[in-house]
Structure formats: structure tokens, C-alpha cells
Amino acid sequence: MKYIDLAASIKESNSEFLKKLPGFLVRWIEKIIKQDEMNFIFDKYKNCEGADFHRSLIKEFNLTLEIVGLENLPEHQKCFFFANHPFGIIDGICLTKTVLEKYGTFKVIVNESFSYVPNLRPYITLVNPFGMSSKAYVTELEKVFQSDVAIAHFPAGEVSRRYHGKIQDCAWQKSFITRAVSSQRDIVPFYFHGRNSNLFYGINLVRRALGIKTNIEMVLLPREMFLKRNQTIRFVIGKPISWRKFDRSLTPFQWAQKVREHVYKLSSVSGDFVVL
């Protein structure tokens, strides 16, 4: 079964540019995005749900998780669980697996591309990162924020790139601060060690140098996921930060950058890694 079908998506799209792409180029892009491999995995684990699906993916890619700070996860789940975003897919799997195994459920705020993964549909809340979200998306998002369910989120809204000679997230969006305050949710920081391939960052630098705004390097994220096979993923969980901390002494955007700085300082946290 084709969960991801680039050719069909292009055919159904409203883009005349995409519809004019020659067949050989579409097939080449399908190979780059690992379409066949992704569909194989989704079909292989189509009957897995919840934590079973996440454990299956970790096993499929033979990942070893090393975690510092598991004891920092609070007993109550009404929190934002957020992280830096160095990988694009694997860090999302590890973040949500950790939250899911602790609390039994979660919601993650993602773009529409994740709706192609049937195993994730019960756990995702969709937003449109490229424009205005629909009224249905906004209503569902508000319902999730006001619930007690754990929410996983990447405040950068995009995968880390090379900025100022250093691989890091862009400035974090202020919305997770305003939402933490309005929904009275503490925030729990995660820091992931690691990076993507030189090819990923190289294409990004060339694109920006040429003034191309479309994030063409995003098509490499499935490839980056497969490059993580047989690796150890190391991450640190920091102590919860009370939503009451975010007072009017700073703007929400300034608070978001303060929290971002705090997360990157977790990279130097020492402690015994728990291997899972």
C-alpha cells in the first residue's frame, strides 16, 4: 500500500509548476525521499499503535537511546514537552516515545505531512506552517491546549540549520510561551545531541546563497532518518519550568529565546546516561 505517493500528490495538487515536472525527475525525487522504503515501514507496522509503534521504529532502525534526566519528568502530564530539532524525524520519534511511555498518551503539533502516517493520526494536531490554519485546525488546537493531555512540540518550527557558523535552531517562536501561560502548562525541556549530514547543510547554504526561499533540503529528511540506523541517540531532559516564570518583565518572544538558551546549556549537563 502506498501511504506516500508523490506522483499522485503532484497530480492532485493545484501547482502547475509541479504538474509540469517530467516523469524521470519525479521518480528521482521519489528515490531521494525514500518513498518505497518509507511505505514498506508504514505497511510493516500498520497494526502497531501507540508506544508499540514507537518501539517498533526504534527497533527497526536499531537505535540505542541514552537519556540523562528521566527523573525530571513530572508526575502530572499537563505540560509542554519541547526540544531543539537537530534531526527532523528521529528526534520527534524519541521525544514522543519518551512522553508516551511515561503518560500513556500525548498530542504533538505538526504540519499536514504527518497525516500520511496512519499510526500517528490519533496523536497529531495539525497546523499549517506556510499560512493561515483552517478554522477546524484552530478549533482542534484550542481544544488540545485546554485539555490535560501532554503536548510535544518543537518551538523552532523547522529543523536546525547552520546559522552564524554553528548548527543550531533558528529563533524560537513565541507561541509556546503564550500558550504555556494561557493554558497554565509547565514546560519540560529536552536537548538532543547530534546533527544531520553535511549534504543537508550544504544544500541549505547553497539555497540561501542563491536566494531560494523554498526549503528544498527538507526532501532529504527521510534520507537523514535512514542515515541514523545503528546509531546511539543521546538526549538530556531538564527540570520543569513553571509557566508562572513567564511574567511581563520580558516579551513572550524574549522569553522564548531565554528558554532556547537554557535548552542549549543542557548540552553540557553531566550525569549517568540511562540506556534504553
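The values are calculated or read from the model by the stated rules, or taken from the named source; none is laboratory data. Note that the structure is predicted; figures quoted are calculated from it, not measured. Cβ: placed from backbone, ideal geometry, glycine included. Neighbour counts: every protein chain shown.
Return only the number of the condition from (1) among the hydroxyl-bearing types (Ser, Thr, Tyr); (2) modelled with pLDDT under 90; (3) in contact with a strand residue (DSSP E or B) (Cβ under 9 Å, 6 or more places away or on another chain) that Tyr201 does not satisfy.
Of the numbered conditions (1) among the hydroxyl-bearing types (Ser, Thr, Tyr); (2) modelled with pLDDT under 90; (3) in contact with a strand residue (DSSP E or B) (Cβ under 9 Å, 6 or more places away or on another chain), the odd one out for Tyr201 is (2).
Output the residue which, of all residues in segment 1-50 that are of a type in the set (Ser, Thr, Tyr) and closer than 30 Å to Phe106 by Cβ, is surrounded by the most Cβ atoms within 10 Å (Cβ to Cβ).
Filtering first and then ranking leaves Tyr45.
Residues that are among the hydroxyl-bearing types (Ser, Thr, Tyr): find the helices (runs of 4 or more DSSP H) completely inside segment 21-122 holding 2 or more of those.
Answer list for segment 21-122: 90-103.
Going by what's in this entry, would Phe42 be described as aromatic (Phe, Trp, Tyr), touching a His at 6+ places or on another chain (Cβ under 7 Å) and touching a residue at least 12 places away in the same chain (Cβ under 8 Å)?
The answer is no for Phe42.
Of all residues in segment 183-237, which are farther than 22 Å from Leu63 by Cβ and in contact with a helix residue (DSSP H, G or I) (Cβ under 7 Å, 6 or more places away or on another chain)?
Ser183, Gln184, Arg185, Asp186, Ile187, Ile203, Asn204, Arg207, Ile216, Glu217, Val219 - these are the residues of segment 183-237 that are farther than 22 Å from Leu63 by Cβ and in contact with a helix residue (DSSP H, G or I) (Cβ under 7 Å, 6 or more places away or on another chain).
What tally of residues in segment 212-241 results from selecting those that are at pLDDT below 95 and of a type in the set (Ser, Thr, Tyr)?
Final tally of qualifying residues: 1.
In segment 159-177, what residues are of a type outside the set (D, E, K, R) and buried (at least 16 other Cβ atoms within 10 Å of the Cβ)?
Scanning segment 159-177 gives Val159, Ser160, Gln168, Trp172, Gln173, Ser175, Phe176, Ile177.
Any idea how many residues of segment 191-219 are of a type in the set (Lys, Arg) and exposed (fewer than 12 other Cβ atoms within 10 Å of the Cβ)? Let's see the steps before the verdict.
Within segment 191-219, the subset of a type in the set (Lys, Arg) is 195, 207-208, 213.
Among the residues that remain, those that are also exposed (fewer than 12 other Cβ atoms within 10 Å of the Cβ) are: 213.
The qualifying residues number 1.
Out of Gly211, Gly202, I need the residue that is of a type in the set (Gly, Ala, Ser) and over 26 Å from Met38 (Cβ atoms). Which one?
Gly211
In segment 159-207, which residues are part of a strand (DSSP E or B) and either more than 19 Å from Lys265 (Cβ to Cβ) or touching a residue at least 24 places away in the same chain (Cβ under 8 Å) (or both)?
Arg161, Arg162, Ile167, Gln168, Asp186, Ile187, Val188, Pro189, Phe190, Tyr191, Phe192 - these are the residues of segment 159-207 that are part of a strand (DSSP E or B) and either more than 19 Å from Lys265 (Cβ to Cβ) or touching a residue at least 24 places away in the same chain (Cβ under 8 Å) (or both).
Output the qualifying pairs, or none if there are none: Cβ atoms under 9 angstrom, residues six or more apart or on different chains, first residue in segment 48-66 and free of Cβ contacts under 8 Å to residues at least 60 places away in the same chain, second residue charged (D, E, K, R) and outside any helix (DSSP H, G or I).
Correct list of pairs: Glu60/Arg229.
Read through the list (1) exposed (fewer than 15 other Cβ atoms within 10 Å of the Cβ); (2) at pLDDT below 95; (3) over 23 Å from Ile89 (Cα atoms), then give the number of the only condition that Thr251 fails.
Condition (2) is where Thr251 drops out.
Determine if segment 49-63 includes at least one residue that is modelled with pLDDT under 90, under 15 Å from the mean Cα position of the chain (by Cα) and not aromatic (Phe, Trp, Tyr).
yes
Taking into account only those residues within segment 228-248 that are surrounded by fewer than 15 Cβ atoms within 10 Å (Cβ to Cβ) and over 22 Å from Gly69 (Cα atoms), which is farthest from the chain's Cα centre (by Cα)?
Among residues in segment 228-248 that are surrounded by fewer than 15 Cβ atoms within 10 Å (Cβ to Cβ) and over 22 Å from Gly69 (Cα atoms), the one farthest from the chain's Cα centre (by Cα) is Arg248.
Looking at segment 208-223, which of its residues are of a type in the set (A, V, I, L, M), free of Cβ contacts under 8 Å to residues at least 40 places away in the same chain and not in a loop (DSSP other than H, G, I, E, B)?
Ala209, Ile216, listed by residue number.
State all residues of segment 154-174 that are touching a His at 6+ places or on another chain (Cβ under 9 Å) and either at negative phi or at pLDDT 95 or above (or both); if no residue qualifies, say none.
Of everything in segment 154-174, those that are touching a His at 6+ places or on another chain (Cβ under 9 Å) and either at negative phi or at pLDDT 95 or above (or both) turn out to be Phe154, Pro155, Ala156, Glu158, Val159, Ser160, Asp169.
Let me confirm something: among Val26, Val110, which residue is of a type in the set (Val, Ile, Thr) and within 30 Å of Ser268 (Cβ to Cβ)?
Testing whether each residue is of a type in the set (Val, Ile, Thr) and within 30 Å of Ser268 (Cβ to Cβ) leaves just Val110.
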